[in-house]
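Undergrad: Structure in C-alpha cells, see below.
Bear in mind these aren't lab numbers, they're just calculated from the coordinates by the rules spelled out. Given the structure is predicted, the values throughout are model-derived calculations rather than measurements. Neighbour counts are summed over all protein chains in view; Cβ atoms, including those assigned to glycine, are modelled from backbone coordinates with ideal geometry.
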Amino acid sequence: TAAGIENKVIAITGASSGIGEATALYLAAKGARLVLGARRKDRLTGVVDRITAAGGTAIGVVVDVTRRADLKHLTDTAIDRFGRLDVLVSNAGTMAVSPFDDLRQDDWDAMVSTHITGLLNGIAAALPVFRGQRSGQFVNVGSTAAYVVKSPQAVYAATKTAVKVITEGLRQESGPDLRVTLISPGFTNTEGVGKGGSPEAAAALTRRRDEIAMPPAAVASAIGYAIEQPAGVDVGEIVVRPTMQD
Ligand code: NDP
C-alpha cells in the first residue's frame, strides 16, 4: 500500500459521534473511502450524508461491535463495495463511570463488551482480510485512562488497559506486512463524556470536559498521521491530551 490516506479503504467503528465522526470527516476530506459503523442509524446517516455532500465517499453500516456477525458485516461491506480493506479503526466506546458501591453492573458489562469483546471481534473480522492482502492496519482507540487510574473510573480504565495490552500483543504477532497503532486520547470534547454511569460521576466528568477538553479533531489528525506513513513505518502509539490535563 502506498503512503498517504487518499483512496485507502478505512472502516471506523463508533463513527456516529465524537472522535469517530471527526475521524471520518477528516479522512474523507483526505480522499479515503469509508465504511462507517455504529448503532444509531440516524446519526450514522447524517455523517454519511455530510461526507457525500462534500464530495467524499462513505457508506454507513449499522453495527453493534459486541456482535461478531456485525463486525464481519462491516469488513465484508468494505470488500464488496471497494474490493479491499486497508485500515480498521476500532473506536466504539462508552465511558459509563461510577463508584463500585453503585453496582452498575450493566455499565460494567457494556464497557467490557464494547472495549474488549468489540475490539476482539474487529480483529477476528479484519485479520484474515489483512493476511490475505499482505497489508492492513489496525488503529485501536485506547485512553490515557490506561496510564492513571482515577476514581471512580476503574472499570473504564481497566478495559482501556486491555485495549493497550491487546494492541501490543497484536503488534508483536503482526509480522512485516501489518501495522498496529494505539491512539491514546486524553480528555476530548464529545457527547460521550458524561453519558451513562452514575449521575454524580457523569456530572463531574461533564464539568471537567467543559473546562479542559480538546476538540475531537485533535485525535482525528493523530489517527491520520498514523495512517499516512509509508507501508513499512508502524506508528506504535500516539498519546494526545489537552495541556490542561494532569
Ligand atoms: P461518543 O459517545 O461521542 O462516541 C462513541 C461512539 O461509539 C459512538 O459513535 C457510539 O455510537 C459508538 N458505540 C458505542 N457503543 C457501541 C457498540 N456497542 N457498537 C457500535 N458502536 C458503539 O464518545 P467519544 O467520541 O468520546 O468516544 C470514542 C472513543 O474514544 C471511545 O472508545 C472512548 O472510550 C475513547 N476516548 C474518549 C475520550 C474522551 O475524553 N472523550 C478520551 C479517551 C478515549 P452508537 O451509540 O450510535 O452505537
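Undergrad: Rank these for me by crowding, 243, 13, 77, 206, going from fewest to most other beta carbons within 10 Å.
TA: Neighbour counts put them in this order, fewest first: 243, 206, 77, 13.
Undergrad: Can you give the Rg and Dmax of the range 1-65 based on its C-alpha atoms, in angstrom?
TA: Taking only Cα atoms of the range 1-65, I get Rg and Dmax of 10.8, 34 Å.
Undergrad: Another question, if that's okay. For the range 7-104, what is the relative contact order in percent, using Cα pairs closer than 8 Å and at least 6 residues apart in sequence?
TA: 34 percent
Undergrad: Given 225, 194, 151, which one lies farthest toward the positive end of the charge dipole of the chain, if we put +1 on the Cβ of every Lys and Arg and -1 on the Cβ of every Asp and Glu?
TA: Value computed over the given set: 225.
Undergrad: Also, quick follow-up: Among all stretches of the chain without exposed GluC sites (Glu not before Pro) (DSSP loop, at most 16 other Cβ atoms within 10 Å), which one is longest?
TA: 7-190
Undergrad: Sticking to Cα atoms, compute the Rg of the range 9-240 to one decimal and its Dmax as the biggest Cα-Cα distance, whole number, in Å.
TA: 16.6, 50
Undergrad: Rounded to the nearest 10 degrees, what's the angle between the helix 18-29 long axis and the longest principal axis of the chain, both from Cα atoms, 0 to 90?
TA: 20 degrees
Undergrad: For the range 190-214 and the range 87-153, what is the separation of their Cα centres, given in Å?
TA: Using only Cα atoms to place each centre, the spacing works out to 19 Å.
Undergrad: State the answer as a single residue: which of 60, 182, 141 lies farthest towards the positive end of the charge dipole of the chain, with beta carbon charges of +1 for Lys and Arg and -1 for Asp and Glu, about the Cα centre.
TA: Positive-most Cα among the choices belongs to 60.
Undergrad: Quick one: helix 154-173 against the long Cα principal axis of the chain, what's the angle to the nearest 10°, folded into 0 to 90?
TA: Roughly 30 degrees between the two axes.
Undergrad: So what is the relative contact order for the range 9-240, in percent, with contacts set as C-alpha pairs under 8 Å and at least six apart?
TA: Reported as a whole number, the value is 22 percent.
Undergrad: DSSP beta bridges in the range 112-246, what fraction antiparallel, as a percent rounded to 5?
TA: Within the range 112-246, antiparallel bridges account for around 0 percent of the total.
Undergrad: Among all lysine pairs in the chain that are eight or more places apart or on different chains, how many have alpha carbons less than 22 angstrom apart?
TA: So the count of such lysine pairs works out to 8.
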